[in-house]
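Here's the structure, in structure tokens; my notes come after.
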Amino acid sequence: MTLKINVVCTSGLGTSLMIRIHLEALLREQGLRADIEHMDVASLGLSPAADLIVGAHHIADSLPPRLLEQAEWIPLENMTDRNYLRTKLMESPRFLAWREREKGLRE
């Protein structure tokens, strides 16, 4: 099963792209691949349902409530620190469950 991650920011350009690049690098370090898209908040409602939504904590009020019922929201206080992002991923129950399934399939 592929994990679907939507990375959002206000405009869908710089911040979300930077977070996406960090996420892809972190997953590569663990030998994992996920379907990651970056976008603006308005486009989030048009995107297929995701397992995780990642973005700056201050945009939480802009996220469509119906999506938060389906996806786990990972709010970030620091968008530039890859180690901080790693910590937030490792606190995510949905990410950890997916990672364990993926590792189990490879063994």
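The values are calculated or read from the model by the stated rules, or taken from the named source; none is laboratory data. Fair warning: this is a prediction, and the values are worked out from it, not measured in the lab. Cβ atoms come from the backbone with ideal geometry, glycine included; neighbour counts cover every protein chain shown. What goes into the accessible areas is simple: the full protein's heavy atoms, side chains included, and nothing from ligands, DNA or RNA. Shrake-Rupley method; radii C 1.70, N 1.55, O 1.52, S 1.80 Å.
The figures follow:
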| item | result |
| --- | --- |
| Count of residues meeting criterion [in a loop (DSSP other than H, G, I, E, B), open to solvent by 70 Å² or more (accessible area, probe 1.4 Å) and not charged (D, E, K, R)] in segment 75-93 | 1 |
| Output for segment 1-41, where each listed residue is of a type in the set (A, V, I, L, M, F, W, C), assigned to a helix (DSSP H, G or I), more than 16 Å from TRP73 (Cα to Cα) and without any contact (Cβ under 8 Å) to a residue 40 or more places away in the chain | LEU17, ILE21, LEU27 |
| Subset of segment 9-58 (residues that are of a type in the set (Val, Ile, Thr) and in contact with a Ser or Thr (Cβ under 6 Å, 6 or more places away or on another chain)) | VAL41 |
| Residue satisfying all of: in segment 89-105; free of Cβ contacts under 8 Å to residues at least 24 places away in the same chain and not hydrophobic (A, V, I, L, M, F, W, C); nearest to ILE19 (Cα to Cα) among these | GLU91 |
| Test: residue in segment 33-44 that is farther than 15 Å from VAL7 by Cβ and open to solvent by 50 Å² or more (accessible area, probe 1.4 Å) | yes |
| Condition met for GLY12 (at pLDDT below 95, at positive phi and open to solvent by less than 60 Å² (accessible area, probe 1.4 Å)) | yes |
| Total residues in segment 11-49, condition over 23 Å from ASN83 (Cα atoms) and touching a helix residue (DSSP H, G or I) at 6+ places or on another chain (Cβ under 8 Å) | 5 |
